[in-house]
Amino acid sequence: MEKHHDEVCEISVIHHDTVNKVRDVMPDEELILDAAELFKVFGDSTRAKIVCALSVAEMCVCDIAALLSMTSSAISHQLRILKQARIVRSRRDGKIIYYSLDDAHIKQLFDTATDHLKEER
């Protein structure tokens, strides 16, 4: 039986210009880590459903809970995570707190992801 070996570069850099060009535009390490954390937050299907719902309309906890057939406390927990990640924001109107996406970039991220996945189908 033939053994397969992982390919290993014997030369440290082949295309110096390309490596330097990419290095010059790479975000700093902290920004990359923050982006990775943001994507982790999107990694939960309940949070993804909440983001999808809020991309259509501002909603209160009770309405989101009804939409997703979940308890208000479960939705509140997920909204707290989304708020800490600056994906959603809230506003109070009397006793009711309404949630919406933090800004248009969040909707754009979600739309880009779903558009990409639709292409693969």
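The values are calculated or read from the model by the stated rules, or taken from the named source; none is laboratory data. Bear in mind the structure is a predicted one, so any value in this text is a computation, not a measurement. Glycine also receives a Cβ, built like all others from the backbone with ideal geometry; neighbour counts cover every protein chain displayed.
Numbers for the structure displayed
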| quantity | calculated |
| --- | --- |
| Lone qualifier among Ser12, Ser90 - being hydroxyl-bearing (Ser, Thr, Tyr) and part of a loop (DSSP other than H, G, I, E, B) | Ser12 |
| From Ala48, Ala74, residue being in a helix (DSSP H, G or I), surrounded by 15 or more Cβ atoms within 10 Å (Cβ to Cβ) and either of a type in the set (D, E, K, R) or out of contact with any Lys or Arg (no Cβ under 6 Å at 6 or more places or on another chain) (or both) | Ala48 |
| Any hit, the stretch 4-24, residues being under 17 Å from the mean Cα position of the chain (by Cα), more than 23 Å from Asp115 (Cα to Cα) and surrounded by 10 or more Cβ atoms within 10 Å (Cβ to Cβ) | no |
| Number of positions in the stretch 105-121 that are surrounded by 10 or more Cβ atoms within 10 Å (Cβ to Cβ), aliphatic (A, V, I, L, M) and either touching a Lys or Arg at 6+ places or on another chain (Cβ under 8 Å) or over 16 Å from Ile64 (Cβ atoms) (or both) | 2 |
| Checking Val41 against (1) closer than 24 Å to Asp115 by Cβ; (2) touching a residue at least 24 places away in the same chain (Cβ under 8 Å); (3) of a type in the set (A, V, I, L, M, F, W, C); (4) not in a helix (DSSP H, G or I), the condition it does not meet | (4) |
| Residue check for Leu79: aliphatic (A, V, I, L, M) and either at pLDDT 95 or above or exposed (fewer than 13 other Cβ atoms within 10 Å of the Cβ) (or both) | yes |
